[in-house]
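These notes are about the structure you will find just below.
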Amino acid sequence: MTEQLLTVDNLRVSFHTRAGENQAVRSVSFRVGAGDTLGIVGESGSGKSVTAKAIMDLIAAPGEVLGGEIRFRGESLRGLPQKKWRQLRGNRIAMVFQDPMTSLNPVKTIGYQIAEVLRRHKGLGKEAALKESVNMLRKVGINEPERRVHQYPHEFSGGMRQRVMIAMALSCDPELLIADEPTTALDVTIQAQLLDLLTQLKQQSDTAIVLITHDLGVVAKVCTRVVVMYAGMVMEEGTVEDIFYRTGHPYTQGLLRSLPQRGGANRERLVPIEGSPPDLIDPEPGCPFRERCPYAFEKCGELPPMLETEGDGHRSLCWLLEGGKRTLAQALEERGEAAR
Amino acid sequence: MRRLIIRRLLQTIPMIFFVSLVCFALVKAAPGDPVKTFLPPNIHQADIERIRHNLGLDQPAYVQYAKWLKESLSGNLGYSLVNHMPVTKQILDRLPATAGLMGAAIALAVLLAIPLGLAAGSNRNKWVDKLVNLFAYIGISVPLFWLAILFVYFFSIKMHWLPSLGMHTIGKKGAIDVIKHGILPCSVLAISFLSSYVRYIRSGTISQLKEDYVQIQYAFGSGKRTILFRHVMKHVLLPIITLLGMSMGELVTGAIVTETVFSWPGIGSLGMTAVRGLDYPVILGITLFSSLLLIIGNLLADILYGFADPRIKTTR
């Protein structure tokens, strides 16, 4: 067991809207070990980004963190004074966001913006910070960094801007990098390049990464552990192998089936998950997925606990797995049901 | 960048021409006969015709315009019908008084508007914002002449702190005396400029603070103050350049009301006197002069904007 870098326990975040309290995140728990790459997967509105923002204490009104515990290297982050937060953010915990087109200040040079982070956290002087910015740009694969460092964001393409954001995030050599759908706004070839870059940079340092994505392909490519989220809750947690080959939750199964398979000679049809996620204002009790679950039975009206299944730290929120460690497929076989 | 400047310069030429045409047409269209205004009522009709002929007023309008334009371009704006002094000289004589007053008022307004607008915008709907907003609304809605009279009543008549009229105390000389006279009109003007500048800066701050890059700055450990001064301020000040360019025209004539109330010997009060006396050459001269300044102001603002905003430099 590696040392826990980040632990999130029972995190709850709500948004107070006119229609009522939107429980965007209800009870999310997971762990990130030092040097881990954790993927958080889920469809839009599952609470992935809200979880990430809550870790960084960036939830602003009308949102509110209602409960739970977040620990970073054993130290509680809840209720940390703003002054401490400012020393932490961008320094020990950094974040890369979804849309690189709007992430940078359009009237300041790239160099200024990277150097600002270095000057704040590393106490570098103007010249030294700019020099280091050039190094960072080179590291993230930007050609002619000496010239580019003096340019403005509009002179960079989307993929290049995301590289700049990564350079900015990694400039202070953080212990944890949270990447919130870093490739979603970019086209597929650029996506692959950026993921390669992230994995490559990861190998050079021991920065742990929390990668938020809705793309299981991305997860398979770069992550070691995975958290599957749905309707503000963790459905399944485990290693990439657990999730893909020893699937423990019907929702995960649904996600995997909606993914195109390589070399599908029999021209297999993609199977979508029927229905839509539940309303998070006044959600009904019980398993949030039961409305869409092909195997739902009476017991699903009650919220299941996280149950241990086959594998290392592999857990799943499903009544089907009650009574002994096994995968979803095994559990279904036992019940005499075929996978639907 | 050079292309931008050249293009803007070329665009200015037809604009100036058009403005001069409008100025001329407006004066021509105004009611009242300049000749009759200045002649005794019992004068002979033949004399009126003779004066008309001498002044060139019997010629068709386009000939009059062409002559006027030609002279104006060489700096001769004609002579006042009232005191027969050259209009150009009168305007230039009064320019320092007006430019000094307006320049001080605008500078004061900008200097105060930046911190007030940023404070209000970054504390939206808190008491600072409400207070700043309240004063801005008052400053925009209250008529200048009324505010001016109120100031005179309170600061001059009641408290005897400051002089209420003119630019000099008779028999006294020196900058301090002029500044003392200038404080009241300058404050009144500054309040009016300040009120609209503050609104611009406030709304700019509010919209910038909603931008993604601001949220992301928080994620990199920036504090509110750093974000406001290092990132938001530059965005917010850009439109002020345009606003300042627009006030170049006002720099000479915007003070008509204020100058009249305080008897400030500037171009505004010169214009007021000219209007009262139907002194066409002076009215025309001042209108043309301020229009020209407005055009130049806008030109400068555009060019400055190009230097200040990196996104403009590279676009053609």
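The values are calculated or read from the model by the stated rules, or taken from the named source; none is laboratory data. All values reported here derive from a predicted model rather than from experimental measurement. Cβ placement follows ideal geometry from the backbone for every residue including glycine, while neighbour counts extend to all protein chains displayed. Areas reflect the complete protein model, heavy atoms only, side chains present, ligands, DNA and RNA absent. Shrake-Rupley method; radii C 1.70, N 1.55, O 1.52, S 1.80 Å.
Only Lys, Arg, Asp and Glu count, each charged at its Cβ (+1, +1, -1, -1), so figure out the dipole size of segment B:12-171 about its Cα centre, rounded to 20 debye.
380 debye
For segment B:125-182, take N as its residue count and report Rg(C-alpha) divided by 2.2 N^0.38 Å.
Rounded to two decimals, the normalised Rg is 1.55.
Mean projection of the alpha-carbon convex hull of segment A:103-146 over all orientations, in nm²?
Hull-based average projected area comes out at 3.3 nm².
Charges only on Cβ, +1 for Lys and Arg, -1 for Asp and Glu: so what's the dipole of chain B about the Cα centre, in debye to the nearest 20?
The calculated dipole for chain B is roughly 1120 debye.
Ranked from the most accessible area to the least, with a 1.4 Å probe and all protein chains present, what is the order of B:50, A:120?
The ordering from most to least exposed comes out as B:50, A:120.
Could you put B:33, A:196, A:282 in order of accessible surface area, largest first, with the 1.4 Å probe and the full protein assembly present?
From most accessible down to least: A:282, A:196, B:33.
How about residue B:234: which aspartates and glutamates have a C-alpha closer than 17 Å to its C-alpha, ignoring those fewer than 8 places off in the same chain?
Candidates past the 8-residue exclusion: A:116, B:211, B:212, B:302, B:309.
Can you tell me the 0 to 90 degree angle between the C-alpha axis of helix A:126-139 and the longest principal axis of chain A, rounded to 10?
50 degrees
If you wrap a convex hull around the C-alpha atoms of segment B:156-248 and split its volume per residue, what is the figure in Å³?
Given the Cα convex hull of segment B:156-248, per-residue volume reads 151 Å³.
Could you tell me how many degrees, from 0 to 90 and to the nearest 10, lie between the Cα long axis of helix B:233-253 and the main elongation axis, the longest principal axis, of the Cα atoms of chain B?
Between the helix axis and the principal axis of chain B, the angle is about 10 degrees.
Using only alpha carbon pairs under 8 Å that are at least six residues apart, calculate the relative contact order of segment B:87-315 and give it in whole percent.
Result for segment B:87-315 is 28 percent.
Nearest 20 debye, what's the magnitude of the dipole of chain A about its Cα centre given +1 on Lys and Arg Cβ and -1 on Asp and Glu Cβ?
Its charge dipole is roughly 1200 debye.
For segment B:13-28 and segment A:92-165, write down the distance between their C-alpha centroids in whole Å.
51 Å
Set Lys and Arg Cβ to +1 and Asp and Glu Cβ to -1, take the dipole of the protein assembly as shown about its Cα centre, and tell me which of B:160, A:96, A:106 lies farthest positive.
B:160
Summarise the partner chain shielding of A:85-96 as one whole number: the mean count of Cβ atoms from other chains within 10 Å of each residue's Cβ.
What the average comes to for A:85-96 is 3.
Which percent of the Cα-Cα distances in segment B:1-73 go past 19 Å?
Tail of the P(r) past 19 Å holds 53 percent of the pairs.
Take the Cα coordinates of segment A:200-260, assign each an equal point scatterer, and use the Debye formula without solvent to give log10 I(q)/I(0) at q = 0.21, 0.28 Å⁻¹.
-0.84, -1.34
Grab the DSSP H runs of chain B that are 4 residues or longer, score each as -39,500 (n - 2.57), total them, divide by all residues and round the 222 nm result to the nearest 500 deg cm²/dmol.
-24500 deg cm²/dmol
Mind ranking A:314, A:154, B:235 by accessible surface for me, highest first, 1.4 Å probe?
A:154, B:235, A:314
Per residue of A:309-318, count partner chain C-beta atoms within 10 Å of its C-beta, then hand back the mean as an integer.
Taking the mean over all residues of the peptide, I get 0.
What is the mean projected area of the alpha carbon convex hull for segment A:159-278, to one decimal in square nanometres?
The number I arrive at for segment A:159-278 is 8.9 nm².
Over the protein assembly as shown, how many percent of alpha carbon pairs lie in each 20 Å bin up to the one with the longest distance?
So the P(r) values, bin by bin, are 15, 34, 24, 17, 8, 1, 0.
Lysines within cross-link reach of residue B:36: Cα-Cα under 18 Å, excluding same-chain residues under 8 positions apart?
B:28
For segment B:39-184, take N as its residue count and report Rg(C-alpha) divided by 2.2 N^0.38 Å.
1.65
If you fit an axis through the alpha-carbon atoms of helix A:188-204 and take the longest principal axis of the Cα set of chain A, what angle between them do you get, 0 to 90°, nearest 10?
80 degrees
Any of A:84/B:130; A:122/A:202; A:83/A:122; B:126/B:158; A:53/A:299 with alpha carbons more than 27 Å apart? Name them for me.
Too far apart for the 27 Å limit: A:84/B:130; B:126/B:158; A:53/A:299.
Packing-wise, with mean Cβ within 10 Å as the measure, how do B:142-155, B:260-273, A:99-112 rank, highest first?
Sorting B:142-155, B:260-273, A:99-112 by mean packing, highest first, produces B:260-273, A:99-112, B:142-155.
Could you work out which residue, out of B:107, B:190, B:97, moves most in a Gaussian network model of chain B, that is, has the largest mean-square fluctuation with Cα springs under 10 Å?
Among B:107, B:190, B:97, the largest mean-square fluctuation in the Gaussian network model of chain B belongs to B:107.
If you wrap a convex hull around the C-alpha atoms of segment B:87-315 and split its volume per residue, what is the figure in Å³?
Each residue corresponds to 154 Å³ of Cα convex hull volume.
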